[in-house]
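K.L.:
Once you've had a glance at the structure underneath, I'll fire off some questions.
The values are calculated or read from the model by the stated rules, or taken from the named source; none is laboratory data. None of these values were measured; they are calculated from a predicted model. Using ideal geometry, Cβ is built from the backbone for each residue, glycine included, and neighbour counts are taken over all protein chains shown. Keep in mind that these areas ignore ligands, DNA and RNA; they rest on the heavy atoms of the full protein, side chains included. Shrake-Rupley method; radii C 1.70, N 1.55, O 1.52, S 1.80 Å.
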Amino acid sequence: MVPLIRIPTQLYIPARNCQIYEVIKYLSLKECVKESFGRNAEERILRFLLEKELVECTDDTLRWLRLFELCEQWREQLLLWEEHTFINGIHGWNLCMGAYKLRLPDRDDWTAYLYRMTLLAVISGMSVGERTSLAEGGRRFHNFSSVASDFYGDGSYISLAREQWLAELTGLLENSREQYQRFPGNSPAYHRAMEENYPRFHSVLEYLSQDTGICEAVRMNQFGGDDTVWYFAETQDSFYLLMLSDSM
């Protein structure tokens, strides 16, 4: 049975005392992700950060530094496993992947949970040098809006059974390997990286295959363009998040 996600909503009931009652709305994972990110995910993420998480920060440098601190807190509280790797690109230069297993939220605010965990994935994919550069350039270049660049997309949300989800990921691995074998290039350093990274990518698929039971998965965005593609999956006791980029 696919787990259902609860989201508390406010419903106004016209009555003599004009009370507001809280009702519980049951959503599938696809409905939850779609309601959270909509067709303007980049705007929603920025608004969430500027109006809630980072409301006390007065410039972009302080916003970056505070976001890095929050991500470390979320990592300690919720992260159970992660892996990062890249393989030869199918549509772009490289297909980069960040994969995460997370604790489920202890409250019903799934929108905030999804925003925080996707932001954790974005920041976790940055090197120390990238973080330093962004923070140092914040006040001068007003660059904080770039944090939402991985949330642009076509607004598509596809529900997948576990087998379909894993088959899509396997197809990406096979297509990448086939393209790499046809056009391997002549960089020894890149060949060494591919020798390490293809088995690493495959090990992520094996881990997901062995670790997930019955679950519903959701893909946000489509491959083939510059948009980052996100996969979300929920089991009875864990949440899985994959972030894949295959752009030029």
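K.L.:
With θ taken as phi - 60° and the coefficients 6.51, -1.76 and 1.60, list the Karplus ³J(HN,Hα) couplings across region 160-168 in order, rounded to whole Hz; mark glycine and proline as x.
P.N.:
10, 5, 3, 5, 5, 4, 5, 5, 4
K.L.:
Identify the trypsin sites (Lys or Arg not before Pro) of region 106-173 meeting these criteria: DSSP loop state and at most 14 other C-beta atoms within 10 Å of the C-beta.
P.N.:
In loop regions of region 106-173 (DSSP not H, G, I, E or B), the sparsely surrounded trypsin sites (Lys or Arg not before Pro) are Arg107.
K.L.:
Report Asp227's accessible area, 1.4 Å probe, all protein chains in place, as a number in Å² to the nearest 10.
P.N.:
50 Å²
K.L.:
Dipole size in debye (nearest 20) for the chain around its Cα centre, Lys and Arg Cβ +1, Asp and Glu Cβ -1?
P.N.:
Using only the charged Cβ atoms, the result is roughly 380 debye.
K.L.:
For region 23-83, state which trypsin sites (Lys or Arg not before Pro) are in a DSSP loop and have at most 13 other beta carbons lying within 10 Å of their beta carbon.
P.N.:
Here the sparse-neighbourhood loop sites are Arg39.
K.L.:
Here's something else I'd like to know. Around Thr235, under 10 Å between beta carbons, what's the net of Lys plus Arg minus Asp minus Glu among the other residues?
P.N.:
-2
K.L.:
Would you look at the GNM of the chain, springs on alpha carbons closer than 10 Å, and say which of Pro188, Pro105, Pro199 moves the most?
P.N.:
In this elastic network of the chain, the residue with the biggest mean-square fluctuation among Pro188, Pro105, Pro199 is Pro188.
K.L.:
Using DSSP to call loops (not H, G, I, E or B), can you name the chymotrypsin sites (Phe, Trp or Tyr not before Pro) in region 17-117 whose Cβ has at most 16 other Cβ atoms within 10 angstrom?
P.N.:
Of the chymotrypsin sites (Phe, Trp or Tyr not before Pro), the ones in loops of region 17-117 whose Cβ has at most 16 other Cβ atoms within 10 Å are Trp93.
K.L.:
Okay, next question. Once neighbouring chains are kept in place and the probe is 1.4 Å, which whole percent of the accessible area of region 105-179 is contributed by carbon and sulfur?
P.N.:
Within region 105-179, the accessible surface is 48 percent carbon and sulfur.
K.L.:
With no solvent and one equal point scatterer placed on each C-alpha of region 102-148, evaluate the Debye formula and give log10 I(q)/I(0) for q = 0.18, 0.24 Å⁻¹, two decimals.
P.N.:
Computed log10 I(q)/I(0) values: -0.66, -0.88.
K.L.:
What size of dipole, in debye to the nearest 20, comes out for region 112-248 about its Cα centre when the only charges are +1 on Lys and Arg C-beta atoms and -1 on Asp and Glu C-beta atoms?
P.N.:
Dipole size: approximately 480 debye.
K.L.:
Hey, what number do you get for the chain at 222 nm if only DSSP H runs of n ≥ 4 count, each worth -39500 (n - 2.57), divided across all residues, to the nearest 500?
P.N.:
-14000 deg cm²/dmol
K.L.:
Shifting gears a bit: Between Met97, Met126, Met194, find the one with the highest GNM mean-square fluctuation for the chain; connect C-alpha pairs within less than 10 Å.
P.N.:
Among Met97, Met126, Met194, the largest GNM mean-square fluctuation belongs to Met126.
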